[in-house]
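What follows draws every value from the coordinates through simple rules; no lab data is involved. These figures come from a predicted structure and were not determined experimentally. All Cβ positions, even for glycine, are placed from backbone atoms using ideal geometry, and neighbour counts span all protein chains on display.
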Amino acid sequence: MSINTLYEEARQGGPEEEKRLFQALTVRFRLFTIQRIRNDQDAEEVVQNALAAIFQEYKSLDIKFSFAAWAYKVLERRILNFLVRQKNYAKRETELQEELYLPNSPDEVDIDNIKNRLLECLRKICRSNTRYARILNMHYQGYKTGEICRKMKITSENYYTILSRARSLLEYCLDKGELP
């Protein structure tokens, strides 16, 4: 049975017809997507994303020509978006690796200099905001989120906000040598 026929039945019928339509779309979409993405998990995610978009819109649309063509167009856009995101991610990862020149041997690393810079930045953070320094310290000592929240008398949402800000300050300080 064609997708277009199943579409017409699903629009006029009930949940059983709708289920048949989406089962047929799922099978065909998986085959189509795996050929383009070549990773089963990523392909399944794209298929589910496309099916969700189709499910939200298909009853409200009045498609006169071909539902199948429209559905495949939705899937193609999802695949394209996924591939563009993957390409951008790979590009950013490459740029980051180039920025963070990692030495080939331990002899090339000046560990004392790194330790001194890190300690100096931690001191600066402690002088500017002791709460940030305490949370960073407890986090890196291995305390669990719940333990830190109880000791600091904060919510977990507040903890994650403070930790994020403290990490950003530390990163900025390590990069620039001073706090903003």
Gained length - Lys115 relative to Asn39, 0.36 nm times residue gap less alpha-carbon distance:
23.2 nm
Rank-order 67-78, 150-161 by packing density, defined as the average count of other C-beta atoms within 10 Å over each peptide's residues, highest first.
67-78, 150-161
Return the subset of Lys91/Lys144; Lys19/Lys73; Lys19/Lys64; Lys115/Lys144; Lys124/Lys144; Lys124/Lys151 for which the Cα-Cα distance in this structure is over 29 Å, preserving the input order.
Lys91/Lys144
Taking 133-142, 112-121, 86-95 and ranking on average Cβ neighbours within 10 Å, highest first, one gets 133-142, 112-121, 86-95
Reachable aspartates and glutamates from Lys87, criterion Cα separation under 13 angstrom, eight or more residues apart if same chain
Glu95
For region 50-56, take each phi angle, set θ = phi - 60°, evaluate the Karplus expression 6.51 cos²θ - 1.76 cosθ + 1.60, and give the result in whole Hz per residue in order, putting x for glycine and proline.
5, 4, 5, 5, 5, 4, 5
Here are several values of log10 I(q)/I(0) by the Debye sum over Cα atoms at q = 0.10, 0.15, 0.18, 0.20 Å⁻¹: [x] -0.70, -0.90, -1.09, -1.23; [y] -0.78, -1.02, -1.15, -1.25; [z] -0.37, -0.80, -1.11, -1.30. Which one was derived from the coordinates shown?
[x]
Just checking the chain: which Cys have no other cysteine's beta-carbon under 4.7 Å?
Cys126, Cys149
Relative packing of peptides 168-177, 4-13 - highest average C-beta neighbours within 10 Å first
4-13, 168-177
Of Ala68, Leu51, Tyr89, which is farthest towards the positive pole of region 44-89's charge dipole, taken about the Cα centre with +1 and -1 on the beta-carbons of Lys, Arg and Asp, Glu respectively?
Tyr89
With a Förster distance of 25 angstrom and the Cβ-Cβ distance between Gln86 and Glu16, calculated FRET efficiency to the nearest 0.05 equals 0.10
Sequence order, region 117-122: Karplus ³J(HN,Hα) from phi using 6.51 cos²θ - 1.76 cosθ + 1.60, θ = phi - 60°, Hz rounded, Gly and Pro as x, gives 5, 5, 5, 5, 5, 5
